[in-house]
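Engineer: Dropping the structure in here first, questions after.
Every number in this text was worked out from the coordinates using simple rules, so none of it is lab data. All values reported here derive from a predicted model rather than from experimental measurement. Neighbour counts are summed over all protein chains in view; Cβ atoms, including those assigned to glycine, are modelled from backbone coordinates with ideal geometry.
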Amino acid sequence: MMERTTFHRSLPAIALALLFAATLFVAFVEVDFGEPRIEEELPVNYQPGEEIDTENITTPGLRYLANSSEETGSANLVTAVVVNYRGFDTLGEVTILFLAATGVGALLSFIKDDDEKKKKKILPPSLILNKGARLVLPLIILFGVYVFLHGHLSPGGGFQGGVIIASGMLLFYIAEPTKGASHKVISIIESTAGLAFIGLGIVGLMTASKIFLANDFAGDWGEVGMLVSAGLLPLIYIAIGFKVGSEMTGLVEKMRGDGS
Amino acid sequence: MNELVFIALATLMFILMIALAVMVIRSKDLIKAAILLSGVSLIASFVFVLLRAPDVAMAEASIGSALTAIILVFAIKKTNRFEEGGEEK
Amino acid sequence: MIAINVIIGMVLIIIGLSFQVLGALGLIRLPDVYNRLQAATKSITLGAISIAIGVGVMDPTLLTKAILVAVFLLITNPISSHAIARGAYRSGVPLWKGSVVDKYGPALERKEREVKE
């Protein structure tokens, strides 16, 4: 009986979701997302460093291996695929992360810590931990910035750099249980970074190739291997780094609650 | 790298990961389980380095072994430390 | 003929590895948290630093990074084990029954009495 009523109540929601899905389908069925994949036999085991026959490329993977450095100007193939060839997927990933963080915040906002038993006396951090964390925190944040700034040259990228920054902030929360970054600042940084990501995508719409998130400046500003070689890729990774870093920091802060 | 050394190291790491994962499931102390889970992630990131995927290894090391563990610990702190049926200390 | 820096690096790495083995042995064999932290901090920090410097000496292009890693270990490892020991003591983990000295407990009591007065 109970199940029946809940099912009745959820009918409008299901109908709404179906309607939304149908709208999305109709809206996007005509849109081309990137270039068509080359569907043929998978490659025989390819060894890195091997010469590639650029005339007879049969799979997307081999195509990326052969052309990525001149097409995107990035020395790191993973970055070239993640931000350039599959940039739209990365936008989706960032959105998923944002939704997850928002969902956690919304869930936790219903819980009030009224239980007196749980409110034990907070142990203040010792002097050594406090000063040590203050010494190490700038170094960790510098390392995170380095990781996402050099995402197109060395292993790493926006996600990794952002998470490193967030773990540095976590250390700060452990060392200073009563303090914290303000929610307002975190959300401002997060929204600005998200807007910057979309804005860089729109720049792609306005330049020569007229594709969302296209990277038309690849190689214009420097040789492959230089910091400015990859056109818009480093800028996108900076935006992702700030976004992921602030989201993760906000997530940890929400989970921590008031005063550890 | 010598292929035999590579295979031996990878096999050792896989066995360690499976053993740690079984310990995570069997543990009644949830904080211990969270810490063991971060150990699984640490070994997984080492396996990614062996397989020449340093990008994934960095993400796994920082997300899996640092942030996930601490978020789990915060969540456990707000609820109960011991699973039902486990002995309270 | 092996180059001199490779030999020095090898020796440093072997020293580091033996300290790591001793530290791991201590983690298994010693009786309580505080004794085990001695093994985990002192010998494992020295072992890791020695291995890092050894790698840097073997390949001089890595020396700067190796020194950075060593300095970072030297800062963070003692701090983290200090925090672990303090947390364990404050949450009531008992000392081993053969322990001879405990200066932290009386110091804490004295501090609490001062706060009350």
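Engineer: Contact order normalised by length for chain B, with contacts defined as Cα pairs under 8 Å and 6 or more residues apart; what percent is it? Don't skip to the end; give the middle numbers.
Structural biologist: Numbers: 76 pairs, mean separation 26.7, N = 89.
Relative contact order, chain B: 30 percent.
Engineer: Name the residue, out of B:Ile35, B:Ile70, B:Ile18, whose mean-square fluctuation peaks in a Gaussian network model built on chain B with Cα pairs under 10 Å.
Structural biologist: The residue that fluctuates most here is B:Ile18.
Engineer: Turning to a different aspect of this structure: For B:Arg26 and B:Ala75, what is the calculated FRET efficiency with R₀ set at 22 Å and r taken between the beta-carbons, to the nearest 0.05?
Structural biologist: Working: r = 20 Å, r/R0 = 0.92.
In this case the efficiency is close to 0.65.
Engineer: Please arrange A:Lys254, A:Lys179, A:Lys131 by counting, for each residue, the other beta carbons lying within 10 Å of its beta carbon, fewest first.
Structural biologist: Working: A:Lys254 19, A:Lys179 8, A:Lys131 13.
The order, fewest Cβ neighbours first, is A:Lys179, A:Lys131, A:Lys254.
Engineer: Can you put C:Ser80, B:Ser62, C:Ser18, B:Ser41 in order, fewest other beta carbons within 10 Å first? Write down the numbers at each step before the final one.
Structural biologist: Values: C:Ser80 16, B:Ser62 26, C:Ser18 13, B:Ser41 20.
Ranked by crowding around the Cβ, least crowded first: C:Ser18, C:Ser80, B:Ser41, B:Ser62.
Engineer: Efficiency by 1/(1 + (r/R0)^6): what FRET value for B:Phe14 and A:Ala17, r their Cβ-Cβ distance, R0 = 35 Å, to the nearest 0.05?
Structural biologist: Using R0 = 35 Å, I get an efficiency of 0.30.
Engineer: Here's a follow-up. Of the options B:Leu4, B:Ala21, B:Ile76, report the single residue whose Cα projects farthest towards the positive end of the charge dipole of region B:3-78 (beta-carbon charges: Lys, Arg +1; Asp, Glu -1).
Structural biologist: With unit charges placed on the Cβ atoms, the residue in question is B:Ile76.
Engineer: Also, quick follow-up: As I understand it, the dipole of chain C uses +1 on the Cβ of Lys and Arg and -1 on the Cβ of Asp and Glu, about the Cα centre. Which of C:Ala40, C:Thr64, C:Ile75 lies farthest toward its positive end?
Structural biologist: C:Ala40
Engineer: Please turn the phi angles of region C:41-48 into ³J(HN,Hα) values with the Karplus equation 6.51 cos²θ - 1.76 cosθ + 1.60 (θ = phi - 60°), one per residue in order, whole Hz, x for glycine and proline.
Structural biologist: Rounded to whole hertz, the list is 8, 5, 6, 6, 4, 4, x, 5.
Engineer: Can you compute the FRET efficiency between C:Trp96 and A:Arg134 using 1/(1 + (r/R0)^6), with r the Cβ-Cβ distance and R0 = 35 Å? Round to the nearest 0.05.
Structural biologist: Working: r = 34 Å, r/R0 = 0.97.
With a Förster radius of 35 Å, E is 0.55.
Engineer: Using a Gaussian network model of chain C with C-alpha springs under 10 Å, which one of C:Val55, C:Val100, C:Val11 is most mobile by mean-square fluctuation?
Structural biologist: Comparing C:Val55, C:Val100, C:Val11 in a Gaussian network model of chain C, the most mobile one is C:Val100.
Engineer: Let me ask something else. Dipole magnitude of region A:141-260 about its Cα centre, charges +1 at Lys/Arg Cβ and -1 at Asp/Glu Cβ only, in debye to the nearest 20? Before the final figure, lay out the partial values.
Structural biologist: Values: 6 positive and 8 negative charges, 49 e Å.
For region A:141-260, the charge dipole is close to 240 debye.
Engineer: Taking Cα centroids, how far is region C:8-53 from region A:176-208 in Å?
Structural biologist: Spelled out, the Cα-based centre of one part sits 44 Å from the other.
Engineer: So, with +1 on the Cβ of K and R and -1 on the Cβ of D and E, and no other charges, what is the size of the charge dipole of chain C about its Cα centre, to the nearest 20 debye? Don't skip to the answer; put the middle values down first.
Structural biologist: Values: 12 positive and 7 negative charges, 55 e Å.
The dipole of chain C has a size of about 260 debye.
Engineer: Suppose a student asked you for the relative contact order of chain C, using Cα pairs under 8 Å spaced at least 6 residues apart; what percent would you report? It would help to have the intermediate numbers written out before the result.
Structural biologist: Numbers: 105 pairs, mean separation 30.9, N = 117.
Computed over chain C, the figure is 26 percent.
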